[in-house]
Amino acid sequence: MDFISSYLESKTTGNSLFANIPKENTGIIITIPVFNEPGIIFTLNSLLKCKKPPCNVEVIVLVNAPPDAGISQLEQNIVSCKEMEGWEKGTRDKFFNLLFYDAGLSDNPGWGVGMARKTVMDEALRRFNKINKPDGVIVSLDADCLVSENYLTEIYEQLYRRNERKACSIYFEHPLTGNLPVKVYDAIARYELHLRYYYQALKYTGYPWTFHTLGSALAVRAEAYVKAGGMSKKQGAEDFYFIQKLVPAGGYFYLNSATVIPSPRISDRVPFGTGPVISKITMGDQNEYLTYHPAAFVYLKEFFDRLELLYDVDMQMYEDIHTSLHKSIQEFLIHNDWNEKINEINNNTASQASFKKRFFNWFNMFRVVKYLNFTHSGPYLNKIPVDKAAFNLLEKTGRNIPGSEVYGLLRIYREMER
């Protein structure tokens, strides 16, 4: 536990939020950052409907606000605290312990969703440290989410009880009907199709560490959380950066037997992610979402398929393989010090397996995204509507598709992940 204590002393954002000690059998702590969020009670009630796992469960809610928060946003935070206080007093037969803390208006100019998520996950780590529980599971959830009834029992069975597993992304589905305007559901269908198309397209390339990166659908063991350096402090995409540190360490998996149901509503609380994307789509002239062209993934696949040829070969072979790749890959590799890097990887590996792992530690998800943006910003490719891209990929992988309508495509892509 010394490494956890060291992390708590040097890398946390503040002091402990709660003085009490968790029950000894606490195995799962759900963490929820809340800013200007009117739906926290729906989330708590959804958790209350879950089947109880064999271990004790805690739910920690951090109510917070960045320095530039408006009056109405701060007022909503006060309402959220009062609602949770009333829920705590008025709800009987709770199987989990609810802890909530109002952090008030931050004076930190860098405060955002990353800092909030890190603060509440660090607090879960402290609580596991108090009961000497390095294998305890810290779950990251958002206050606009519902969950399936087997959410907690599957986290318990698939992660907590499996020592070889360290962290996971959790399956998600946005609602496609409800009391929001139809254009919002049309927008979320396109955005979710983009997420699933990207996931399948990346798998098609042969990239070994393909996972969704939603902060509301994530769980990690306390010790793995520390070894990855804790949640990122970034004001957006903090979940993406954190998961990229978790995956190469091993033991990361896709928990697709339970479901997180994020809200599709418009939001401006974060600079990236679902809320801003839905706002952009619904405010635009055309209700469509542009995504990466399938050809970009074909070019990546051609590159990754040649990896075995790059192990322990001379410079001439490097050059021959490099010139056999698509021009966009060639140019991107030159801009990323290809010759120097491939030599360094070869000089520090003693087998094909170690070469491949070291290569993908370099050509990681960050670099994949950089390549995709690079090849869509120059003379090579343009982004296309997501329904066309998703249909094209299904055809390319030999699937029989009845049509190219967005909702039908999304159903197919969902089934591919379950």
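Once the Cα atoms are used to define both axes, helix 274-283 deviates from the longest principal axis of the chain by about 70 degrees. Of the residues Asn346, Asn400, Asn56, the one that moves most in a GNM of the chain with alpha-carbon contacts below 10 Å is Asn400. Protection proxy ranking for 252-261, 149-158, using the average of other Cβ atoms within 10 Å per residue and placing the highest first: 149-158, 252-261. Among the listed pairs Lys327/Lys357; Lys11/Lys301; Lys11/Lys133; Lys49/Lys130, a Cα-Cα separation exceeding 30 Å is found for Lys11/Lys301. Look at where the Cα atoms of segment 11-29 and of segment 208-225 average out, and the two centres are 20 Å apart. Each listed q (0.23, 0.28 Å⁻¹) maps to a log10 I(q)/I(0) for segment 322-393 from the Debye sum over equal C-alpha point scatterers, namely -1.09, -1.28. For the chain, modelled as a GNM whose springs connect Cα atoms under 10 angstrom apart, the maximal fluctuation among His194, His322, His174 occurs at His322.
Rounded to the nearest percent, how much of the accessible area of segment 309-410 (1.4 Å probe, protein heavy atoms only) is carbon and sulfur? Its accessible area is 48 percent carbon and sulfur atoms.
Annotation note: trypsin sites (Lys or Arg not before Pro) in segment 5-106 located in DSSP loop regions with a Cβ neighbour count of at most 16 within 10 Å are Lys11, Lys23, Lys49, Lys51, Arg92, Lys94. Once the 1.4 Å probe is applied to the protein heavy atoms, the chain comes out at 44 Å² accessible per residue.
Accessible surface of segment 89-158, 1.4 Å probe: 44 percent of it comes from carbon and sulfur atoms. Between helix 365-375 and the chain there is an angle of about 50 degrees, using the helix long axis and the longest principal axis of the Cα atoms. If R0 is 60 Å, the Cβ-Cβ spacing of Lys357 and Lys82 corresponds to a FRET efficiency of close to 0.75.
FRET efficiency for the Lys94 to Val182 pair, using the beta carbon distance and R₀ = 60 Å, is estimated at 0.95. When you filter the GluC sites (Glu not before Pro) in segment 1-92 for DSSP loop state and at most 15 other Cβ atoms inside 10 Å of their Cβ, you are left with Glu24. GNM remark for the chain: springs join alpha carbons under 10 Å apart, and the peak mean-square fluctuation among Gln76, Gln244, Gln316 falls on Gln316. Relative to the Cα centre, the charge distribution of the chain, modelled as +1 at Lys and Arg Cβ and -1 at Asp and Glu Cβ, gives a dipole magnitude of about 680 debye. Placing +1 on the Cβ of each Lys and Arg and -1 on the Cβ of each Asp and Glu in segment 42-120, which of Trp87, Val120, Cys50 has its Cα farthest towards the positive end of the resulting dipole? Farthest along the dipole direction, towards plus: Cys50. Here the gap between Ile41 and Lys388, fully extended at 0.36 nm per residue and compared with their Cα-Cα distance, gives a gain of 121.0 nm. Between the Cα long axis of helix 182-205 and the first principal axis of the chain there is an angle of about 50°, rounded to the nearest 10. Shape class for segment 1-91, computed from the alpha carbon gyration tensor (a ≥ b ≥ c): oblate, with a/c not under 1.5 and a/b at or below b/c. Placing +1 on the Cβ of every Lys and Arg and -1 on the Cβ of every Asp and Glu, with nothing else charged, gives segment 135-189 a dipole about its Cα centre of roughly 140 debye.
The values are calculated or read from the model by the stated rules, or taken from the named source; none is laboratory data. Computed from a predicted model, the values in this text were never measured in an experiment. No Cβ is skipped: glycine too gets one built from the backbone with ideal geometry, and neighbour counts run over all protein chains shown. With ligands, DNA and RNA removed, areas are computed over all heavy atoms of the protein, side chains included. Shrake-Rupley method; radii C 1.70, N 1.55, O 1.52, S 1.80 Å.
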